[in-house]
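What follows is a set of notes on a single structure, which appears directly below.
What follows is calculated from the coordinates using simple rules that are stated; it is not laboratory data. What you are looking at is a predicted structure, and each value in this text was computed from that prediction instead of being measured. With ideal geometry, Cβ positions are generated from the backbone for all residues, glycine too; neighbour counts draw on all protein chains shown.
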Amino acid sequence: MLNTLLDPNIVYLLLLFGLWSAVTAAYIPGTGLVEVLSGAASLGAIVLMMSMPTNWLAVLVLVIGVGGFLVMPFINQRFALLATGGLVLQAMGSLFLFNGLMVSPVLIAGTIAVALLYHRYVLMALRNNYAKLPQIDDDASFIGAVGRVVGRIDPVGTVQAGGELWTARSDRPLEAGEEVVVIDREGLVVTVEGIKRKRETLEEAEARHEENAL
């Protein structure tokens, strides 16, 4: 089993999966699942590479190549040529990833082709679709908006509010379907509170006030 996991082709694919997952998470506000998968895959690849004759300089070149190819166009379209140049770094890092071992050149060529297709037809499509969504620029008007949990929050999840999906945080676990109110917003992340809990807190406060009045 361990010998299978230490196959350079498998370790290479695991590392690329971790890198691509991390970049995907930057394009898609989500529940944190993509981030967890990215972290697990990247950590697993690093652990395996520590038991192999790894060329860590090549690893750095590979990371820069993938990061440049996928991230730079997202920041500014003018960096598209730099991103394409990142493919060269990805290929170089992949070819020299291990000392005395080689990742299949066919596999390297295939992953580069996948990177091109994934970037053009998936990531760029997601970026363009997001750009078409109505943006809420006035935080003050959005705070207090009522929404509903669509992905369990503990402590991060997803809510639908203002007709859009948002990454949401809460200091208490909230289940899918619960109504929430937005109490703060930082960029694409909102902080919410369960309406049921808020009502219970208000009722408790009113009860204490009545008791004190008596």
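Just a few scattered comments:
- Estimated FRET transfer efficiency when R0 is 25 angstrom, pair Ile183-Arg152 (beta carbons, to 0.05): 0.85
- Exposure proxy shown here: for Arg185, Arg169, the number of other Cβ atoms within 10 Å sets the order, fewest to most, as Arg169, Arg185.
- In nm, spacing of pseudo-spin labels at Met52 and Asp171 (7 Å Cα→C-beta vector): 4.6 nm
- Take the Cα of Glu35, go 7 Å toward its beta carbon, and the backbone nitrogen atoms of region 180-197 under 12 Å from that spot belong to 188-190.
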